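The values are calculated or read from the model by the stated rules, or taken from the named source; none is laboratory data. Keep in mind it's a predicted model, so treat the numbers as computed, not measured. Cβ placement follows ideal geometry from the backbone for every residue including glycine, while neighbour counts extend to all protein chains displayed. Surface accessibility is based on the protein's heavy atoms, side chains included, excluding ligands, DNA and RNA. Shrake-Rupley method; radii C 1.70, N 1.55, O 1.52, S 1.80 Å.
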Amino acid sequence: MGPFLVLAPSFLLTIGILIPFIVAIFYSFTDLTLRSSEFNIIGIGNYVATFTSPDFWHSVSITLLYAFCATAVEMLLGLGIALLLNEENWLSKFLRLVLIFPLMIAPAIGALVWQLMTNPSVGILRFPLSWIGLGGFRWSADPNWALFSVILIDVWIYTPFVVILALAGLRSLPKSPYEAALIDGGSAWFVFRNLTLPMLAPVLVIALIFRLMTSLQEFAIIFAATRGGPGGRTLSLALAAYNQAFRFYNLAGSIPMLLFLWASIYAVCFILIGYWRKAQKISSGAVQIMKQEGNALGAVGSAAKTVLLILYALFALFPLLWMVILSFKPDSQMFTTTFIFTPTLENFRAVFAESDFVRTLWNNLVVSVLAVGLSLVIGVPAAYALGRFDFKGKEEIAFTFLSFKFAPEILVIIPLYLIYQQLHLIDSIVGLIWVYQLISLPLLIWILRGFFEDLSKDMEAAAQLDGYSWWQVFFKILLPLVKPGLVAAGLLCFIFCWNSFTFALLLGGGNTQTSTVSVTRFLASDTVHYGWVAAAALICALPGIILALLIQKHLVRGLSFGAVKG
């Protein structure tokens, strides 16, 4: 009875979250539009129209191309950088600290940063390109290069995710087996291929699952960078469904696209989880077969490694540096390439003088703090129950919580938009706090479950012999022991809530607009002040970067939902 009692609040919230999915499936068989609450049942008409539409299959091809290209580059580049960083020297230590920065800012803000980098007026990249005859290169504005541009942004933001997980995996490999190869004279590539890679495979599959899951439903990067254009060249399924629902008012017609996307994500994850289980067995076998550690880059000279790391560091950090430079640059020098200028705070003064921006910062803070607070109240007992009790259906319940991360955010938003209209929760703090549970609750439960599982059960048994109830064991013994994980999980959830874009964009409004959404609208105004855009983006990016530095030792466990321990 105990575990189900502490899980009850999470069950209730889960039911509340599941309702929009059920409502979405129902509405997919109607002709519901955004303009009217009246509808008729039309059977499978929306499914027939969707699956026979060339535009739908065009969006499917764009989504697959985007997801697989971005993920492939991130996996290869991330593994390579992790191998380079798997050494103890000052450069590796410094880069391990700062290379997480792109990952800790909102994807929409990341897209904005690259817009500043590639802008034909103020973008620094226009000058090196002009030296090779590509001065007129239009990046995301060019139909032939738009998809490449958004993939590049995705790679910039998410490669650190793969680096962090792969590096944690490399550093957890057994140390004792690493002497035999030195004696046997095995090459670095032989060792990497036959031992390091098989043992690292479970971690790499986890990284692959999360990257594919995210990139298949990516919305914020593409929306902020191209809105799906030009000419539909970056119109992914998530963007196509958004257009159907909120531009063409065809709410019901957008749902089959999103259900197809959701089913595809589940299928991909199901297949990869099977490979992950096999990889775990292969990894265990590799340890028994061969006792040697190696690095595929062992033959690469230290100077070459340093050069490669510096090149990646420039790729990862220079866009952020350019954002900082523009934020302090006066208007009179905004269109020059000089790095020598008299810094000014005028851009920040102008941004804070905009009362709307200050209000959106406050909205973002309030919604994020309250959303994480609610997740802590509900999620900590649930994590305790899943981590300490053994009962039938335990893993199924845990996976149900995690599965909410598989669903495209737009799929949740469409039925929730209609429900919120009836309950007058559109443009309300309460409405955003509720939907933000999809961001924070699964993450919190899975991270803390791992912390609870790591604790010895002997102390719990001893306390119960002394007459402690399981509630007393929870509050007086276990909760203080997982306090570091509790703080880290709460702060990481705050970062993700702070960086949330899609929910705030479509379920927020004039009263509850968050800073992440408002920054992207600086570029949409008639007169663009690039210094203001950079200053506002920097202000929004700083909380995530600062908090990530504070909880860096727990980032691996947090970013992998507890599947990988740092």
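Values computed for the structure shown
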| item | result |
| --- | --- |
| In the stretch 54-92, the residues that are of a type in the set (A, V, I, L, M), over 17 Å from residue 258 (Cα atoms) and touching a residue at least 12 places away in the same chain (Cβ under 8 Å) | 65, 70, 73, 75, 77, 79, 81, 82, 83, 84, 85, 91 |
| First in the stretch 269-280 and over 18 Å from residue 402 (Cα atoms), second anywhere and in a helix (DSSP H, G or I) and open to solvent by less than 40 Å² (accessible area, probe 1.4 Å), Cβ under 7 Å, 6 or more apart | 275/205; 279/201; 279/202; 279/205; 280/202 |
| Residue check for residue 245: in a helix (DSSP H, G or I) and more than 18 Å from the chain's Cα centre (by Cα) | yes |
| Residue in the stretch 480-508 that is modelled with the highest pLDDT, counting only those that are among the small types (Gly, Ala, Ser) and part of a helix (DSSP H, G or I) | 504 |
| Test: residue 53 is modelled with pLDDT of 80 or more, of a type outside the set (Phe, Trp, Tyr), open to solvent by less than 40 Å² (accessible area, probe 1.4 Å) and under 20 Å from residue 241 (Cα atoms) | yes |
| Odd one out for residue 471, checked against (1) open to solvent by 20 Å² or more (accessible area, probe 1.4 Å); (2) of a type outside the set (D, E, K, R); (3) closer than 27 Å to residue 262 by Cα | (3) |
| Tabulated pairs, the stretch 501-517, first within 13 Å of residue 431 (Cβ to Cβ), second open to solvent by less than 10 Å² (accessible area, probe 1.4 Å) and assigned to a loop (DSSP other than H, G, I, E, B), C-beta under 7 angstrom, 6+ apart or interchain | 503/436; 504/514; 508/514 |
| Hey, residue 114 without any contact (Cβ under 8 Å) to a residue 60 or more places away in the chain and open to solvent by 10 Å² or more (accessible area, probe 1.4 Å) or not | no |
| Filtered residues of the stretch 421-438 (kept if open to solvent by 10 Å² or more (accessible area, probe 1.4 Å) and assigned to a helix (DSSP H, G or I)) | 421, 422, 423, 429, 430, 433, 434, 438 |
| Tally, over the stretch 30-61, of residues that are part of a loop (DSSP other than H, G, I, E, B) and more than 31 Å from the chain's Cα centre (by Cα) | 11 |
| Some residue of the stretch 283-293 being at pLDDT 80 or above and open to solvent by 40 Å² or more (accessible area, probe 1.4 Å) | no |
| Enumerated helices (runs of 4 or more DSSP H) restricted to the stretch 330-420, each holding at least 2 residues that are surrounded by 20 or more Cβ atoms within 10 Å (Cβ to Cβ) and among the aromatic types (Phe, Trp, Tyr) | 355-388 |
| Close pairs (9 angstrom Cβ cut-off, 6 or more residues apart or separate chains): within 24 Å of residue 241 (Cβ to Cβ) and polar (S, T, N, Q) in the stretch 393-413, at pLDDT 75 or above and surrounded by 16 or more Cβ atoms within 10 Å (Cβ to Cβ) anywhere | 403/269; 403/442 |
| Inter-residue pairs, beta-carbon under 8 Å, first over 11 Å from residue 414 (Cα atoms) and in the stretch 22-37, second part of a strand (DSSP E or B) and open to solvent by 40 Å² or more (accessible area, probe 1.4 Å), 6+ apart | 29/41; 30/41 |
| Residue in the stretch 443-453 that is surrounded by fewer than 15 Cβ atoms within 10 Å (Cβ to Cβ) and either assigned to a helix (DSSP H, G or I) or touching a strand residue (DSSP E or B) at 6+ places or on another chain (Cβ under 9 Å) (or both) present | yes |
| Residue 477 more than 23 Å from residue 370 (Cβ to Cβ) and either crowded, with 20+ Cβ neighbours inside 10 Å or modelled with pLDDT of 80 or more (or both) | yes |
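Listed here are the residues, each with its yes/no results for (1) touching a Phe, Trp or Tyr at 6+ places or on another chain (Cβ under 7 Å); (2) loosely packed, with under 15 Cβ neighbours inside 10 Å; (3) at pLDDT 90 or above.
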site	(1), (2), (3)
3	yes, no, no
9	no, no, no
18	no, yes, no
27	no, no, yes
31	yes, no, yes
40	no, yes, yes
43	yes, yes, yes
47	no, no, yes
